[in-house]
Every structure is written in C-alpha cells, then in structure tokens.
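The values are calculated or read from the model by the stated rules, or taken from the named source; none is laboratory data. Note that this is a predicted model, so its numbers are computed, not measured. So basically every Cβ, Gly included, is an ideal-geometry build from the backbone, and we count neighbours across all protein chains shown. Side chains are part of the model used for accessible areas, which takes the heavy atoms of the whole protein and leaves out ligands, DNA and RNA. Shrake-Rupley method; radii C 1.70, N 1.55, O 1.52, S 1.80 Å.
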Amino acid sequence: MTCHSCTQPINASSNYCAHCGTSISLRKRQTRSEGLNLIIVFYIVELVFLTIVHLIYNDHTSLTTEIAIESVSAALVLIFVFFDIKNIVPLYSLPKLRPLEWIGVLWAPFITGFSVYYGIEWMNAVLFDESTNYYATYVEYNNPFLLAFVFIAILPAIFEEVAFRGFLFNQLERITSVRITILLTAFLFALVHFSFISILWIFPFGLLLGYLRHRYQSLWLGMIIHFVHNLIIVSLDYYYFDPLFY
Amino acid sequence: MEELTMQQPVCSQCETVLTTETKFCTHCGYPELGSEKEQSQFHAKRVMANQQHEVNTKRIASAQKTLYWMSGIFLVFGLFYFFRTEDISILITNAILSILYLLLAFWTKEKPFATLLSALLLYLTVIAINAVVDPMSLLSGIIMKVIFLSLLIKGLYSASQSTSMRTI
C-alpha cells in the first residue's frame with residue numbers, strides 16, 4: 001500500500017502517511033462518498049426507467065416497443081458498468097470450483113425454480129386470485145418460445161447480474177462490509193421487481209447469488225443460476241399454457 | 001555492568017510509538033517533527049473534525065427520528081385508507097412498511113449506513129410504485145416527501161463518513 005499523495009509506502013493499519021501527513025481515512029471517506037453518489041444515481045435511474053416502463057406497458061405492447069424497452073434497459077446498465085469497467089471485467093473470469101460445488105450450483109436453480117413456480121403461483125392464486133403466464137405474452141408472435149427464452153431467460157441473467165452483482169456490489173463493497181453488501185444488493189434486487197409477493201423469494205435468491213459472487217469473485221455462477229431458474233419458469237409456463245384461456 | 005535502555009520516541013498527542021525518521025504520527029497525523037505552523041494547523045483541523053463528527057452524529061439521530069415518524073405515518077395512512085375504501089391490501093402493505101421502518105429505526109444506532117440506505121431506497125421505491133398506480137400521487141404530500149428524503153440523505157451521507165468500519 002502506498003500514499004496516494006507522496007507515493008511512499010504506508011502501513012495498512014496507519015491512519016496517516018508518516019512522510020507527508022496525508023490522511024488515509026479522509027481518502028477512504030472520499031471514496032465512500034463517490035460510491036454512495038453512484039449507488040443513489042443508479043437506483044434512481046433504474047426506478048424512473050421502471051416507472052415509465054410500467055406506465056407504458058400493457059397487454060397490447062408491440063414487440064418493437066418491447067425490444068426498444070429492453071435495449072434502453074441494457075444501455076443504462078452498460079453506462080453504469082462503464083464507470084467501473086476495470087473492476088467488473090475481472091468478474092467475468094471463470095470460477096474455480098470443485099466437482100461437488102459444481103453439482104450444488106447446477107442443482108440450485110432446479111430447487112429455486114420449481115419451488116418458486118409452484119409456491120408463488122399458489123400464493124398468487126390464493127391471495128390475489130391471479131395467475132401470470134410469461135409464455136402467453138409472446139404467443140401471438142412467430143417463435144413465441146424463442147422470444148420468451150431471449151427476453152426472460154437470457155437478458156435478465158446477463159444484465160441484472162452485471163447491474164446488481166457487478167456494479168452495485170462493487171460500489172457497496174467500497175463503503176461497507178461484505179455481509180452488508182450481500183444483504184443490501186439482495187434487498188434492492190428484490191425491490192426493483194416491484195412485486196410485493198416476489199420479495200419473499202427474490203430476497204433469499206439475491207442472498208444466494210450475492211454470496212456466490214463474493215465467494216468465487218465471479219459473475220458466471222449467478223448468471224448460470226439466474227438463467228436456468230428463469231428458463232425453468234418459462235418452460236413450465238409453456239408446458240401449462242392453455243390457448244383456450246388466452 | 002551499566003544497562004543501556006533506548007527510549008523510543010512517542011507522539012506527544014496520542015502516545016503512539018514513532019520511528020525516528022518519520023515526521024508525522026501514523027495514528028493521529030500530528031507533525032511531531034514539523035514546524036510550529038504545521039502543529040497549529042493540526043490542532044485547527046482536529047477541532048474542525050470534532051465539530052464535523054458532532055454534526056454527523058446529530059444528522060444520524062434526526063434521520064433515526066425520521067424513520068420513527070415514517071413508521072407512524074405509514075400506519076396512520078394505512079388505517080385511514082382502509083376505513084375510507086375498505087381495501088384490506090392497502091392496510092396490510094402499509095402495516096408491513098410501518099413495521100419495516102420501525103425495525104430500521106431500531107437498527108440505526110448499530111448500523112446507520114445500511115439502515116438509512118435501505119430506508120431511503122425503499123421510500124423511493126414506494127413513491128415509484130404509487131406513481132405507477134396513479135401518476136398524480138407524485139405531487140401529493142410533496143413537502144413531506146422532500147423533508148423526509150432530505151433528512152434521510154443527510155443522515156446517510158453522515159453515516160458513510162464514519163471513521164469506524166464497524167458502524168457502516
């Protein structure tokens with residue numbers, strides 16, 4: 001560790017540089033403020049975007065509009081990623097896992113996917129008397145399963161992971177402890193889904209993804225689990241889809 | 001035989017052991033071998049840092065009070081809308097928000113940064129969800145919203161400036 005002001009070596013436990021007297025803790029506090037600014041701006045931009053999307057989105061939204069919405073969403077994430085590109089790129093290195101750990105990671109989305117699909121579907125039906133079929137949204141287009149696969153399984157796995165477990169995780173880690181970082185990223189990941197009932201499963205799901213991001217310093221495991229989880233949901237929606245109801 | 005004891009220099013402000021060739025104390029930053037001007041600048045900076053610390057503590061305390069107020073207001077509004085519209089879902093949502101804010105308020109002393117960031121972003125999400133349901137709701141109670149948001153933001157930035165990692 002070196003002093004950012006005089007480049008002399010400094011002890012990790014020092015509060016001040018012994019040679020020029022520069023405050024190390026002041027530098028840390030400035031870094032935290034910068035991180036906090038980015039977190040708040042990122043979250044407000046996401047909220048404004050999601051609010052607009054929810055206001056314009058309805059059952060008759062065209063495929064072109066949906067592609068435009070997804071493109072803007074991806075572009076916003078990439079703009080924020082650009083601010084922290086040097087810390088995000090290394091997160092795309094492949095994690096080193098033992099065979100047993102790989103089995104655990106590959107099993108996890110099957111457990112979460114099936115339990116969420118049947119558990120939440122049941123709760124939604126009992127509490128709110130409603131049921132959502134993601135596949136049905138695309139049924140009037142050619143290749144509906146392919147569209148559902150791209151919009152629901154692939155895109156969120158790529159962009160939500162880099163946004164929450166990449167950018168947001170890195171900024172929070174600059175300010176606070178790893179434990180709080182995992183908790184907060186999971187909490188905010190649950191909040192942006194704008195669904196009260198979903199918090200019940202998205203929060204623990206986010207905790208798992210955040211823990212894996214920290215444990216293996218890679219986004220790949222989160223992306224794989226997120227992708228397989230969403231693919232299971234879409235596949236079950238496809239399996240249970242009944243054209244008579246739509 | 002005469003025993004020779006080498007006395008190591010210590011900082012005159014915090015008594016941290018110093019190495020002979022260093023000008024500044026690595027613990028408190030005091031320029032032990034600096035000029036008189038540098039030493040008086042150190043004392044002036046320390047007074048300012050103490051004042052800033054007091055300001056930060058006060059801001060965190062008022063942000064904590066804000067959380068208690070928000071908890072109460074969510075509950076009162078939930079009850080009000082329930083008696084007016086008989087919609088149980090609004091009452092349940094507001095009751096859960098009220099409990100969440102109460103828990104965050106309790107936890108603020110221990111972890112001010114985590115609780116105030118959660119409280120601020122949760123509040124912004126509630127405003128956004130209400131705007132989806134009714135865009136005009138953005139304007140209702142705008143003064144109260146601005147007051148709550150500014151108190152939470154001030155508290156949050158003060159909490160992020162804490163010198164102890166344990167509290168953030």
Q: Please work out which one of (1) within 12 Å of another protein chain (Cβ to nearest Cβ); (2) within 23 Å of B:Thr125 (Cα to Cα); (3) not hydrophobic (A, V, I, L, M, F, W, C) is the condition A:Glu70 fails and give its number.
A: (1)
Q.
Checking B:Tyr123 against (1) out of contact with any His (no Cβ under 7 Å at 6 or more places or on another chain); (2) surrounded by 15 or more Cβ atoms within 10 Å (Cβ to Cβ); (3) under 20 Å from A:His54 (Cα atoms); (4) facing chain A (nearest Cβ under 10 Å), only one condition comes out false. Which one?
A. (4)
Q. Failed condition for A:Gly119, given (1) farther than 14 Å from A:Leu200 by Cβ; (2) among the small types (Gly, Ala, Ser); (3) in contact with a helix residue (DSSP H, G or I) (Cβ under 8 Å, 6 or more places away or on another chain), with all others met?
A. (1)
**Q.** Any pair with Cβ under 6 angstrom, 6 or more apart, that starts in region B:46-59 at a residue that is surrounded by 13 or more Cβ atoms within 10 Å (Cβ to Cβ) and ends at one that is not small (Gly, Ala, Ser)
**A.** B:Asn56/B:Gln161; B:Arg59/B:Lys154
Q | Restricting region B:150-165 to residues that are over 19 Å from B:Leu100 (Cβ atoms) and more than 9 Å from chain A (Cβ to nearest Cβ), the residue that is surrounded by the fewest Cβ atoms within 10 Å (Cβ to Cβ) | A | B:Ser164
Q: Look at A:Leu78 and say whether it is more than 9 Å from chain B (Cβ to nearest Cβ), open to solvent by 80 Å² or more (accessible area, probe 1.4 Å) and either within 25 Å of A:Tyr134 (Cβ to Cβ) or modelled with pLDDT of 95 or more (or both).
A: yes
Q) Which residues, counting only those in region A:92-106, are under 14 Å from A:Tyr216 (Cα atoms) and touching a residue at least 40 places away in the same chain (Cβ under 8 Å)? A) A:Tyr92, A:Ser93, A:Leu94, A:Pro95, A:Lys96, A:Leu97, A:Val105
Q. What number of residues within region B:103-140 are polar (S, T, N, Q) and closer than 21 Å to B:Ser89 by Cβ?
A. 4
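So which residues in region A:16-34 are at the interface with another protein chain (Cβ under 8 Å from one of its Cβ atoms) and in a helix (DSSP H, G or I)? Walk me through it before giving the result.
Going through region A:16-34, the residues at the interface with another protein chain (Cβ under 8 Å from one of its Cβ atoms) turn out to be A:16-21, A:23, A:25, A:29, A:32-33.
Across region A:16-34, the qualifying residues are A:Ser25, A:Arg29, A:Arg32, A:Ser33.
Would you mind stating whether A:Phe196 is modelled with pLDDT of 95 or more, open to solvent by 20 Å² or more (accessible area, probe 1.4 Å) and out of contact with any strand residue (DSSP E or B) (no Cβ under 8 Å at 6 or more places or on another chain)? So that I can check it myself, show each step before the final result.
Numbers: modelled with pLDDT of 95 or more: no; open to solvent by 20 Å² or more (accessible area, probe 1.4 Å): yes; out of contact with any strand residue (DSSP E or B) (no Cβ under 8 Å at 6 or more places or on another chain): yes.
Criteria not met by A:Phe196.
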Q) Does B:Thr26 fit the bill of being within 14 Å of another protein chain (Cβ to nearest Cβ), open to solvent by 40 Å² or more (accessible area, probe 1.4 Å) and under 24 Å from A:Ala12 (Cα atoms)? A) yes
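If you go through region B:89-106 one residue at a time, how many are surrounded by fewer than 17 Cβ atoms within 10 Å (Cβ to Cβ) and within 11 Å of chain A (Cβ to nearest Cβ)?
We begin by selecting, within region B:89-106, every residue surrounded by fewer than 17 Cβ atoms within 10 Å (Cβ to Cβ); these are B:89, B:92, B:95-96, B:99, B:103, B:106.
Checking which are within 11 Å of chain A (Cβ to nearest Cβ) leaves us with B:89, B:92, B:96.
Final tally of qualifying residues: 3.
Select, from A:Leu221, A:Leu231, the only residue that is farther than 23 Å from A:Val41 by Cα, in contact (Cβ under 8 Å) with a residue 24 or more places away in the chain and open to solvent by 10 Å² or more (accessible area, probe 1.4 Å).
Values: A:Leu221 fails: open to solvent by 10 Å² or more (accessible area, probe 1.4 Å).
From the options A:Leu221, A:Leu231, the qualifying one is A:Leu231.
On the given criteria, is B:Leu75 open to solvent by less than 70 Å² (accessible area, probe 1.4 Å), more than 10 Å from chain A (Cβ to nearest Cβ) and modelled with pLDDT of 90 or more?
Details: open to solvent by less than 70 Å² (accessible area, probe 1.4 Å): no; more than 10 Å from chain A (Cβ to nearest Cβ): yes; modelled with pLDDT of 90 or more: yes.
Considered against the rule, which asks whether it is open to solvent by less than 70 Å² (accessible area, probe 1.4 Å), more than 10 Å from chain A (Cβ to nearest Cβ) and modelled with pLDDT of 90 or more, B:Leu75 comes out as no.
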(Q) With the requirement that a residue be more than 9 Å from chain B (Cβ to nearest Cβ) and crowded, with 19+ Cβ neighbours inside 10 Å, what does region A:39-63 give you? (A) A:Phe42, A:Glu46
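Can you tell me how many residues in region B:137-149 are surrounded by fewer than 12 Cβ atoms within 10 Å (Cβ to Cβ) and hydroxyl-bearing (Ser, Thr, Tyr)?
Summing the residues that are surrounded by fewer than 12 Cβ atoms within 10 Å (Cβ to Cβ) and hydroxyl-bearing (Ser, Thr, Tyr) in region B:137-149 gives 1.
Just to be sure I understand, how many residues within region A:199-217 are open to solvent by 20 Å² or more (accessible area, probe 1.4 Å) and either assigned to a helix (DSSP H, G or I) or within 21 Å of A:Ile52 (Cβ to Cβ) (or both)? It would help to see each step written out before you state the result.
Taking region A:199-217 first, the residues open to solvent by 20 Å² or more (accessible area, probe 1.4 Å) are A:199-201, A:203-204, A:207-208, A:211, A:214-217.
Next, from what is left, pick out any that are either assigned to a helix (DSSP H, G or I) or within 21 Å of A:Ile52 (Cβ to Cβ) (or both): A:199-201, A:203-204, A:207-208, A:211, A:214-216.
Total satisfying the criteria: 11.
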